[in-house]
1. Check Glu190, Glu168, Glu147 and return the single one that is without any contact (Cβ under 8 Å) to a residue 40 or more places away in the chain, among the acidic types (Asp, Glu) and crowded, with 16+ Cβ neighbours inside 10 Å.
2. Are there any pairs with C-beta distances below 8 angstrom linking a residue in segment 16-28 that is at pLDDT 90 or above and part of a helix (DSSP H, G or I) to a residue that is among the β-branched types (Val, Ile, Thr) and buried (at least 17 other Cβ atoms within 10 Å of the Cβ), with the two at least 6 apart or on different chains, and if so which?
3. For a quick check of your reading: which helices (runs of 4 or more DSSP H) sit entirely within segment 139-247 and have at least 3 residues that are closer than 22 Å to Glu41 by Cβ, assigned by TED's automatic domain parsing to the domain that holds Ala345 and among the hydroxyl-bearing types (Ser, Thr, Tyr)?
4. Condition first: more than 29 Å from Phe428 (Cβ to Cβ), buried (at least 23 other Cβ atoms within 10 Å of the Cβ) and at pLDDT 95 or above. Can you find one or more residues in segment 365-375 that meet it?
5. Name the residues in segment 59-110 that are part of a helix (DSSP H, G or I), of a type in the set (S, T, N, Q) and surrounded by fewer than 16 Cβ atoms within 10 Å (Cβ to Cβ), would you?
6. Search segment 36-73 for residues being among the small types (Gly, Ala, Ser) and at pLDDT 90 or above, and hand back the single one that is farthest from Trp257 (Cα to Cα).
7. Among the numbered criteria (1) crowded, with 21+ Cβ neighbours inside 10 Å; (2) not assigned by TED's automatic domain parsing to the domain that holds Asp206, which single criterion is violated by Leu261?
8. Specify the residue that is nearest to Ala390 (Cα to Cα); the eligible residues are those in segment 416-457 that are polar (S, T, N, Q) and not in a loop (DSSP other than H, G, I, E, B).
Amino acid sequence: MDHQLEEARPMEADLLRRGGAEALLAATVGPAVWLGNMEAEDGWAAGGPLSAPPQPAQTRLTRLQERQLLWLAGPGDTVWLREPLDAEYRDYALAQLQALPALHVGGEPPKTGESPGLMRGSADDAAMMERTDSRRRTLFLPFLLTEELEAVARERGWRLVGDVEAAEPGARAAAARRLSSKFYVRRLAEGHGLTVADGRFCRDADELEAAYAWLRERGFARAVLKQPHGSSGKALTVIDGPERFGPLIRYLRRRSWSGELLLEGWHPAARCLNAQLLVGERDARLLAVTEQRVDGRGVYAGTDYAPRYEPELLERYEAELLRLGGLMRQEGFRGVAGVDSIVDAQGRLLPALEINARFTQATYLLPLAARLLRRQPLLESRCLRLEAAAEPTLSELLERLQKLLAPDGGHGFLVYGWGCAAQGSRHFARAHILLWGERPERLREMTERLAIFEWGTTA
């Protein structure tokens, strides 16, 4: 059964019932500076035994996701962009939003070991400082808080969400990095009695072979080998069976890898839940529960913002998430985080498969999602990845989506993220799309059409 598009839907989406969008907006009330450093976590994942070399086009497409901040930032806020908006996207966003936040274009966040001074003395920097006078207690909202960006906030007198004046320099960023580690989260959850996936930590190839044999004995047809950091499936190696495990173990023996890897059984998921938590100085609040759409390799494909869950499951999930939020607060974390969870085929709730101790794409869309859900009961997001010989344009995409999806009075779409990058003779693009509607079968048709869409086709 497609849980996202069941015929019977709740009268009110969980996001609206909880008031999660309002709570997020209250926690991020400006004046604020938003920074979409989406690629920052890739640096943590580099150097692992299974880490793939970065692809320049894909890295740039990740950077261009910073444009999504236009849909969340308030009119008195500043969005710090590393790359200028192209005219097409700017005009499209302006037509949808009616007004854009102030845009500060240029300059890179400091990297590890660099001074927190940003473009010091430049005209652009002076303009940024004028808009963000420290006396106004500007709020700094990076996608991911690093130690370098925490130092930027201190130097400029900017606040952070849930700011704690007494916190040691770098403590907030260190907590975010710890809690973004799949290894640390598993040990934290296991140590406090939260259900975790069947699995073992392995320090060498022999331990890995023993762990895989143990999982096979327990009935797992598939397994997943995890590295500590990486999102959207980048830190996961899915092992479909012994024929895939053999070459993998031989590769690791040749690499003479050191450190740890985590091997877990692949739990077939009946539901893929995602929670948005706001962790403050005194407590943690559950902003929203959404349903993730992931492919067979664990790669994020989209979100259902109005899923239907049994009340008993929601009650149990909320209790586990608030307990997890309390643990995160004890770890020194403050701010917004996304938590990936599943209910497996046996009905077991695994509440903390992964913590993204940062903003997520789902978080960024909560206020917009709330506005759309007040008009229509169904709302889904999808990520569309395109490849072409010639550079795709946003206007071409919109024209083709118009034909493909055939929006009507009760159903529509919005492109909230768009970027292109070239590599060699090929051009790559990534589009982030919201689809809404009133009839489940009609929205299902739209998502299915998107799933098979290729550049140059409209059906």
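1. Being without any contact (Cβ under 8 Å) to a residue 40 or more places away in the chain, among the acidic types (Asp, Glu) and crowded, with 16+ Cβ neighbours inside 10 Å holds for just one of Glu190, Glu168, Glu147, which is Glu147.
2. What qualifies is Leu24/Val336; Leu24/Thr363; Ala27/Val161; Ala27/Val336.
3. Correct list: empty, since no element meets the threshold.
4. Checked against the condition, which is being more than 29 Å from Phe428 (Cβ to Cβ), buried (at least 23 other Cβ atoms within 10 Å of the Cβ) and at pLDDT 95 or above, segment 365-375 yields no hits at all.
5. Thr59, Gln96
6. Ala73
7. Failing condition for Leu261: (2).
8. Filtering first and then ranking leaves Gln423.
The values are calculated or read from the model by the stated rules, or taken from the named source; none is laboratory data. Source: prediction; values computed, not measured. In this analysis, Cβ positions are derived from the backbone assuming ideal geometry, glycine residues included, and neighbour counts consider all displayed protein chains.
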